[in-house]
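The block underneath contains the structure these notes are about, expressed in structure tokens.
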């Protein structure tokens, strides 16, 4: 009888511990709705778009302003990278470099991924606010959405707060911002502490016309062996299909963490191929919409000029793949576009993608 009582109390105690840990895990992590509005900061004097207007968009994963002097623990296949955070000095240098590129390119719309806010590794700073203070006042409209947020992550290489955002900055008025939750990785125990990837959508009014819609996203990394990326691309495709059917003009940019269709997979080192499927999940977007870079560009003899990712893994040593893209509705006129490589290789492990385009001059 005594043994039964002891066993009973052990089971009860374990149950209490498990419930307590689950409750704690829920309380310290982020639980967004499937669809939710996000706050917008926008000056009343911010101009609105006009039909037929020419615009430039810059799309860039800025790697939480860390720079390129590090090999973070997740940069190596076995998680053994020596670094956990950048120095304050390198963060400041990277902010200045990102600001330099933006001011040189003068984009009308900026799409950023991996912007920290409240993270231990970057001293709990709101990086979007700091960047905006370095930019001209004409970038007066902006919004952001968390893709990772927790007051404590019990990972041995983190052990503290995380906060990571996608952001949209504009010279033109934004009137609506919506965050769409993307499908999560199938990790029921740990996924509440992991990234919760999203799409951030904004509406920008056009004089005497339907709103122009801009979207920013950052899809899952290290998802092979699951169908997560397929599900995430399907959701993105569904959002774009709905916008098209409703008569909206739109563009979407982001770090899609997916190779383009064609020869990209074969160009990778063997060690790097395990992160991707040879039949890439992003193919439906290339089939249906305009892309920057285009399918012909990423499969051309000059495909290296379209590489957007420069892994921190020293075994790679140079930009070696394209995983960042801008897709455009088919009734938008795409003009000049490029990946700015020549002076950006020391700023982030991703390179900025730029596209100029023209809105239709009148409703179709």
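The values are calculated or read from the model by the stated rules, or taken from the named source; none is laboratory data. For clarity, every value in this text was computed on a predicted model and none was experimentally measured. With ideal geometry, Cβ positions are generated from the backbone for all residues, glycine too; neighbour counts draw on all protein chains shown.
List of remarks:
- Selection count, the range 95-144, where residues are in a helix (DSSP H, G or I) and in contact (Cβ under 8 Å) with a residue 12 or more places away in the chain: 18
- Single condition residue 223 does not satisfy, out of (1) at pLDDT below 95; (2) surrounded by fewer than 22 Cβ atoms within 10 Å (Cβ to Cβ): (2)
- Candidate set from the range 272-303 (those that are part of a helix (DSSP H, G or I) and in contact with a helix residue (DSSP H, G or I) (Cβ under 6 Å, 6 or more places away or on another chain)); member that is surrounded by the fewest Cβ atoms within 10 Å (Cβ to Cβ): 295
- Residue match in the range 202-211 (condition: closer than 20 Å to residue 288 by Cβ and either under 18 Å from the mean Cα position of the chain (by Cα) or not assigned by TED's automatic domain parsing to the domain that holds residue 50 (or both)): no
- Some residue of the range 340-359 being touching a helix residue (DSSP H, G or I) at 6+ places or on another chain (Cβ under 9 Å) and either more than 20 Å from residue 59 (Cβ to Cβ) or not assigned by TED's automatic domain parsing to the domain that holds residue 107 (or both): no
- Among residues of the range 224-237 that are in the same structural domain as residue 77 (by TED's automatic domain parsing), those with a Cβ under 6 angstrom from a residue that is modelled with pLDDT under 95 and buried (at least 22 other Cβ atoms within 10 Å of the Cβ), sequence gap 6+ or separate chain, pair up as 229/223.
- Residues of the range 323-336 classified as touching a helix residue (DSSP H, G or I) at 6+ places or on another chain (Cβ under 9 Å) and either not in a loop (DSSP other than H, G, I, E, B) or not assigned by TED's automatic domain parsing to the domain that holds residue 250 (or both), total: 2
- If you go through the range 304-322 and keep only what is part of a helix (DSSP H, G or I) and either in contact with a helix residue (DSSP H, G or I) (Cβ under 6 Å, 6 or more places away or on another chain) or not assigned by TED's automatic domain parsing to the domain that holds residue 258 (or both), you end up with just 306.
- Residue in the range 191-202 that is in contact with a strand residue (DSSP E or B) (Cβ under 7 Å, 6 or more places away or on another chain), more than 18 Å from residue 35 (Cβ to Cβ) and surrounded by 22 or more Cβ atoms within 10 Å (Cβ to Cβ) present: no
- Out of 243, 259, 195, 184, sole residue that is more than 22 Å from residue 352 (Cα to Cα) and in contact with a helix residue (DSSP H, G or I) (Cβ under 6 Å, 6 or more places away or on another chain): 184
- The set of residues from the range 240-265 being farther than 18 Å from residue 296 by Cα and in a helix (DSSP H, G or I) comprises 240, 241, 242, 243, 244, 245.
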